Amino acid sequence: MDPDRIVEVALDWHREGRGAVLATVVETWGSAPRRAGSQLAVSGQGEIIGSVSGGCVEGAVVTEALEALRDGSPRLLTYGVSDDTALGLGLACGGTIRVMLEPVGQGLPEALLADLAAARAARRPVAVEVRPADWSRRLLRPGEDAAADARFRSDRSGMEADGRFLLLHNPPLRMIVVGAVHIAQALLPMARLAGYDPLLVDPRGAFASAARFPGETILDDWPDEAVARLAPDARTAVVTLTHDTKLDDPAIRAALASDCFYLACLGSQRTHAQRLQRLRAAGVPEAQLARIHAPAGLDIGAATPSEIALAILAQAVQVLRRG
């Protein structure tokens, strides 16, 4: 079971008649192992997918979830470092978490969960608003609520001062890699492990082959056409690696015309200076050029293709989380 499909798996379990409960971290204090918004789904047969604490209190949450499924009532639970209800384990890290349990089809309406799954499948950002005071719920789209909009931008779920819990479901991260080179061979699997959906773009068949990139999604379009068609959004990173100006430059211009949150281009400082001259001559404004991260990646002294890939992925995470 794909841990990124917790919502969908819970919906499937419910529709199959097995019963399902969604457990969600709504608040944390101290050194909590998972942040607000982390989820665990529990079936009526005790199957689980996801995590709310990295294993510290999952057993206690499963026990409470099965009880919630029997009585059909949502509830809030709190676990701390020495909580006896957590099977004598508690949170060894010293933190405290509050977990919300919602039985699907009882506390949590099936129709709302189905609408949420449909929005996720269509890559539409959506937030679930829950008011624990009366357990009312609704879905919020960007532009409908100021607090939710702020959380969409920061990609952080959490409690609001007015008592609402906002659970963010931003579209999955994507990484478009232009250039089927040796660095891409390391970067694509690394990106997938970090939660990205990677795509490789290169019209050169000798480079972009299934033998060199087994199991990867490969597009043989010209990079600018591919990038424009893929329509990078604020959850998309673009990395150019070809060293071929005929391929990289058009892809860079297409990426700069999009809302991609990260654009990195391989090459030395001298190579990048020449790149900037070409892009200026093509009419790209300075404000847009400032979006380019080059040389690509954090300066960690990377030397091998794998180290360079690691530096690029680390920089993408840094930009995503810190701006």
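Laboratory data are not the source of any read-out in this text; all were calculated from the coordinates shown. Model, not experiment: these values are computed from the prediction. Cβ coordinates were reconstructed from backbone atoms using ideal geometry, including for glycine residues, and neighbour counts include every protein chain displayed.
Overview of results
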{"item": "Residues whose placed amide H lies under 5 Å from that of Arg75, excluding near-sequence neighbours", "result": "Leu101"}
{"item": "Protection-proxy order for peptides 270-276, 38-44, 17-23, 111-117, each taking the mean of Cβ atoms within 10 Å per residue, highest first", "result": "38-44, 17-23, 111-117, 270-276"}
{"item": "Mean ellipticity per residue at 222 nm, deg cm²/dmol - from DSSP H runs of n ≥ 4 across the chain, formula -39500 (n - 2.57)", "result": "-10500 deg cm²/dmol"}
{"item": "Exposure proxy order (Cβ contacts within 10 Å, fewest to most) of Ile97, Ile218", "result": "Ile218, Ile97"}
{"item": "Cα-only Debye scattering, the range 173-322: base-10 log of I(q)/I(0) at q = 0.14 Å⁻¹", "result": "-0.59"}
{"item": "Per-pair calculated FRET efficiency, R0 = 22 Å: Thr217 and Leu193 via Cβ, rounded to 0.05", "result": "0.90"}
{"item": "Using a Förster distance of 25 Å, the FRET efficiency for Asp134-Ala114 (Cβ separation, nearest 0.05)", "result": "0.65"}
{"item": "Residue (of Ala20, His182, Gln274) at the positive-pole extreme of the chain, dipole from beta-carbon charges", "result": "Gln274"}
{"item": "Arg123-Arg321 pseudo-label distance in nm [points 7 Å out on the Cα-to-Cβ vector]", "result": "2.4 nm"}
{"item": "Candidate values (i) 15.8; (ii) 20.5; (iii) 18.6, label of the one derived for mean projected area of the Cα convex hull in nm²", "result": "(iii)"}
{"item": "Given charges at beta-carbon only (K, R positive; D, E negative), |dipole| of the range 3-169 in Debye", "result": "440 debye"}
{"item": "Dipole moment magnitude, nearest 20 debye, the range 173-322 about Cα centre, only Lys, Arg, Asp, Glu C-beta charged", "result": "280 debye"}
{"item": "P(r) weight above 27 Å for the range 3-169, C-alpha pairs, percent", "result": "19 percent"}
{"item": "Relative contact order computed over the chain (Cα-Cα under 8 Å; 6+ residues apart), in percent", "result": "11 percent"}
{"item": "Of all DSSP beta bridges in the chain, antiparallel share, percent nearest 5", "result": "60 percent"}
{"item": "Computed magnitude of the charge dipole of the chain (debye, nearest 20; Cβ of K, R +1, Cβ of D, E -1)", "result": "840 debye"}
{"item": "Spatial extent of the range 219-308: Rg and Dmax, with the Cα atoms as the point set, Å", "result": "12.7, 35"}
